[in-house]
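Working notes, beginning with the structure itself.
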Amino acid sequence: MRLTLSSVYRPYSFPTLLKSSSFSTLCRPFCSSALSSSPTCVKPQVPLFLRQPIYSTKLCELKKWHDWAKGVAFSIGSTFVDSDNGPDSSLLCRELKWLMEDAVEDHSMIVKDDDSDERVKMRVGIEELYCLWKQRVQERRPFQYVVGCEHWRDLVLSVQEGVLIPRPETELLVDFVDDVVSENEDLKRGVWADLGTGSGALAIGIGGVLGSEGRVIATDLSPVAVAVAAYNVQRYCFQDKIELREGSWFEPLKDMEGKLAGLVSNPPYIPSKDISGLQAEVGRHEPRVALDGGTDGMDALLHLCDGAALMLKPAGFFAFETNGEQQCRALVDYMENYRNGSFCNLEIRSDFAGILRFVIGFHQ
Amino acid sequence: MGFCSGSTTDDHESPHKTEKRSCGTLHFISARQIEKALTMRFHGNFIICRYLSRLRNQFNSNFEFPLPNFRHRAPFFLRSYSAEVPAQLSPELLNIMEQRLSAIEYRTSCLNNFLNQPEASPSEYARANKELRKLSGSVDLIKELRAKQKEIDGLKSLMAECSEDKDMLNMATEEMGQAVEEERKLQNLLLKSLLPKDDADERDCILEVRAGTGGEEASLFAMDIFRMYEKYALEKGWKFEVVDIAQSDHKGYKSTMHWNLLLARIEFHLATDVLWTILSQEASAAIAGDGVFRKLKFESGIHRVQRVPVTEKSGRIHTSAVSVAILPQADEVDVQLKNEDLRIDTYRSGGSGGQHANTTNSAVRVTHIPTGIMITIQDERSQHMNKAKALKVLCAKLYEMERLRLRSSRSKLRLEQIGSGDRSERIRTYNFPQGRVTDHRVGITYHSVDDVMQGENLDVFIDALLLQEEMDAMATFSSSQ
């Protein structure tokens, strides 16, 4: 069955509308006003660990907050695990430690034993610390949104509401690219594309393994994602190497038909009917446009296959992340049967949890 | 220079003659150690006597001549040290080395003759060539030494012939001084090249601190020891990076209790007066810098503490123990790590993973299938970085296993020397009520336990251990003629 362009695009009109309405209830005023502005005015948030330590609080007050937060974390026990496979107490305590690391400028203060009136420089006020931890535990707001960043491979990427938090599984896609370009100088010097870049994780990761001549074009439909990705690209000084374009899938890449050396994507792949059952951190807070893959979760993936056949140059490489084994096999079937002659060396690879997660291959 | 201008001729015709020299000689490193001892603070005064007594005993057990009187000879040693003139080796050591050098020259000659014979088989040829290459470093130094000694002999003849010509005599004397100095340098270089070396000395290392007997007090002391090394590394300008690993007990994957949780549990225990014991806690760090492993390798072993634990209600002194392991770091080339020998597991969320789940659990477990070693790392905030750390620790462990295997095939004498690196060897006691720290291998006691715990003055023990390592190496050299 060959999908028409219009049928592929149709599912995204509804999620886009839903995204707008859902953000008005979930996001803080800053995000709402940012979204209502024109794309060029989207200003990304500064992650906590990069803010200036303009606040000051007594060490004993900080310890008082820490004890309170620890008690809250312990009281959770395995409640979240039992309800939707969320975090347990020990994981929350580790997050609390990391929150302290980001919030407190001088880390040696954290290990001080005395409950003194000594003052500690902070990047956030003590009142906001109470709010942040309440958000984390009571609203199940993702820890990465609480601190405004996610550690991914050897990067620290800014993330905020409206941007998908890069997943550990996705780290492997950069290894696949690294393996390929280390054996193929031509791909190393070529132009790569990261579709649905979100925070820019894959684009920046790939930018790090390409040679000095390699380039990456990162595209995303969401203006917020484009702004955040640009911020991350700038933080890693990859402005000359990575170009950001706003738009839907291959629309911003019309000038690159048949020229791409590589194509990577972590597209939305969750079946629509599964969205409501997602873990609270995901379903309540992360952008649905980056999660919802349509009826069987494969709308975007099939579209990527068609686009890859058109956009890649001969011997060009592609790698896509999927929902798991079923989607991987369906995707390979599609490429072998309906895109016969376009691709070769198709391969399905597992993530570290043993789930068949990735489809990789080459243009003929 | 005056005290160094004594006779430099070895009188081989009277091998049993015992000559009482006007001034004794000391190995180069010893002079430096004594200078360092002089700069110790007032609290260290006690150490000087114990330290020198130890040195004297060490010398007595290996050499005929006693250590010269310290207080009278110090100026000469200091001048020798500051002028960077290598100390003259003792006649006994020179004699032993001379025999070894002659043996090497003879062996080299035999190998060269063998290689010139056309009848040699290819395998014999390859083996001879390999041995010749192995000796070539020493052979080059020997040739230089022989040339220098010939020059010295020539200068002696010239000085004898021109005893009436003052200008010529002065010129010859000056050249003789330079030649003798260079001869001495070559002798020291040759001695070092003949002493067995530890390949790992220049490497970075992995520090592991594990609580042993003593329950929560041992865990608390383990933290204190861990922080002691962190402060020591900071003082040395080394990079100290917490690794915080846990080795699986083969019951499957489990979370490591992090130090903060440990602190939380201890606070909980103190608040609720509930008996609570941590069976085993381990903390690790990667330490990088100049010559890190050489400095720290003798820290491996059991560190005992005697103090009143914070959890003790009756004020009784407890004795607890902590084990420390210092592993030289290795890269994948050193240990030939292969992907097919590794299994990498990550925290399994139990669901579909990927976009379905948000998790900050970035724990990674690496299993080395041939040896069964499992290493779990979880303290980095990225799975990728945790994996990199786990591989780093795995390489260090595999390298250490190989080193221990090689070491067990060495001589019995070597095993009895300090620095076996055995993690179960009792090496040091920290006595808090009496405020002193004692190293059991070199018999040194330092009377400021707080300074030691702050990372200061660890060199009191480390330098003494390094000196003894060098003396042990020379003892081995002397006994294997």
Radius of gyration and Dmax for the stretch A:147-249's Cα atoms, expressed in Å?
12.7, 40
Equivalent ellipsoid semi-axes, the stretch B:91-194, via Cα gyration tensor eigenvalues times 5, rooted, Å
37, 15, 10
If you take the square roots of the eigenvalues of the alpha-carbon gyration tensor of the stretch A:120-169 and sort them as a ≥ b ≥ c, do you get rounded (a/c under 1.5), prolate (a/b over b/c) or oblate?
oblate
Which of A:ASP220, A:ASP306, A:ASP296 has the fewest Cβ neighbours within 10 Å, and the rest in rising order
A:ASP296, A:ASP306, A:ASP220
How high is the FRET efficiency from A:LEU346 to B:ARG343, r the C-beta distance, R0 35 Å, rounded to 0.05?
0.85
Cα pair distances of the stretch A:48-147 binned at 10 Å [whole percent]:
15, 49, 28, 7, 0
Across peptide A:317-323, how many C-beta atoms of other chains are within 10 Å of each residue C-beta, on average?
1
Beta bridges per DSSP with both ends in chain A, % antiparallel, nearest 5
50 percent
Simple label model, 7 Å out from Cα along Cβ direction - B:CYS110 to A:TYR130, nm:
8.7 nm
With 10 angstrom as the radius, rank B:THR360, B:THR438, A:THR79 by how many other C-beta atoms surround their C-beta, starting from the fewest.
A:THR79, B:THR438, B:THR360
Measure off 7 Å from each Cα along the Cα-to-Cβ vector at B:GLN117 and A:GLU118, then give the distance between these two points in nanometres to one decimal.
7.7 nm
With 28 Å as the limit, write out which pairs from A:LYS188/B:LYS239; A:LYS64/B:LYS392; B:LYS185/B:LYS295; A:LYS64/B:LYS313 have Cα-Cα distances beyond it, or answer none.
A:LYS188/B:LYS239; A:LYS64/B:LYS392
Could you tell me how far the Cα centroid of the stretch A:134-160 sits from the Cα centroid of the stretch B:224-238, in Å?
32 Å
Separation between the A:LYS259 and A:SER75 pseudo-spin-labels, each 7 Å from Cα along Cα→Cβ, expressed in nm?
6.0 nm
State the extension gain, in nm to one decimal, for the chain segment bounded by B:SER136 and B:GLN454, taking 0.36 nm per residue of separation less the distance between their alpha-carbons.
109.8 nm
Counting only other chains, and only Cβ atoms inside 10 Å, what mean value do you get across the residues of A:351-357?
5
Counting other C-beta atoms within 10 Å, which of B:ILE427, B:ILE96, A:ILE76 has the fewest, and how do the rest follow?
A:ILE76, B:ILE96, B:ILE427
Looking at this model, which pairs from A:LYS121/B:LYS389; A:LYS97/B:LYS389; B:LYS236/B:LYS389; A:LYS121/A:LYS241; A:LYS97/B:LYS338; B:LYS338/B:LYS389 are more than 26 angstrom apart at the alpha-carbon?
A:LYS121/B:LYS389; A:LYS121/A:LYS241; A:LYS97/B:LYS338
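Laboratory data are not the source of any read-out in this text; all were calculated from the coordinates shown. It should be emphasised that the depicted structure is a prediction, and the values quoted were computed from it without experimental measurement. Every residue, glycine as well, gets a Cβ built from its backbone with ideal geometry; the counts of neighbours run over all protein chains shown.
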